[in-house]
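Everything on this sheet refers to the single structure shown next.
The values are calculated or read from the model by the stated rules, or taken from the named source; none is laboratory data. These figures come from a predicted structure and were not determined experimentally. No Cβ is skipped: glycine too gets one built from the backbone with ideal geometry, and neighbour counts run over all protein chains shown. Heavy atoms of the whole protein, side chains included, go into the accessibility calculation; ligands, DNA and RNA do not. Shrake-Rupley method; radii C 1.70, N 1.55, O 1.52, S 1.80 Å.
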Amino acid sequence: MYKKIIVPVEMGQLEKGQKILAKAKALLDTDGEIVLLNVAENIPGYLTIDLPPDFIGNSVKEAEERLNALALEQGLEPHVMVRVGSPAREIIAAADELGADLVIIGSHRPNLSNYLLGSTADRVVRHAHCSVLVDR
């Protein structure tokens, strides 16, 4: 059983987040904590001219609200974190900062681009300092 589990959730795949959260609950110690994490990717400067000035701030606020709702749906006290940056880097940094002993991350079937560039789950598995469970 695990004391602190990080569950990264992509806003476009909340149903996968629910599935992963259920697994996290099953693996959690009675006095453990699950942290729901979302990473909003940085937007290149040349694209920001076409976006409202508060786009990132609104995205972070919306992600916090949706993650809180997801936790409450699962009967958990919400422990939510939203970070901005590269998803793999921010997931690993959050796990290190919070002293997590497990990250449960969703993945999809690899395609050619994953073999050339690597997916977020692949990067987390390779570089995390704690155990990582990948859910397909």
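Over the residues of the chain, the helix contribution to mean residue ellipticity at 222 nm works out to -14000 deg cm²/dmol, using -39500 (n - 2.57) for each DSSP H run of at least 4.
Accessible surface computed residue by residue for the chain, with neighbouring protein chains in place and a 1.4 Å probe, gives 58 Å² per residue.
Packing here is the average count of other Cβ atoms within 10 Å per residue, and on that basis the peptides 84-97, 50-63, 122-135, highest first, run 84-97, 122-135, 50-63. Basic side chains Lys and Arg get +1 at the Cβ, acidic Asp and Glu get -1 at the Cβ, and with that the dipole of the range 1-122 about its Cα centre reaches some 380 debye. With all protein chains present, how much of the accessible area of the range 1-108 (probe radius 1.4 Å) comes from carbon and sulfur, to the nearest whole percent? C and S fraction of accessible area: 52 percent. The H on the amide N of residue 135, modeled in the peptide plane, is under 5 Å from the matching H of 105, 106, 107, each at least 5 residues off or on a different chain. The angle separating the long axis of helix 14-27 from the principal Cα axis of greatest extent in the chain is about 30 degrees. Compactness of the chain was expressed as the Cα radius of gyration divided by 2.2 N^0.38 Å, which yields 1.06.
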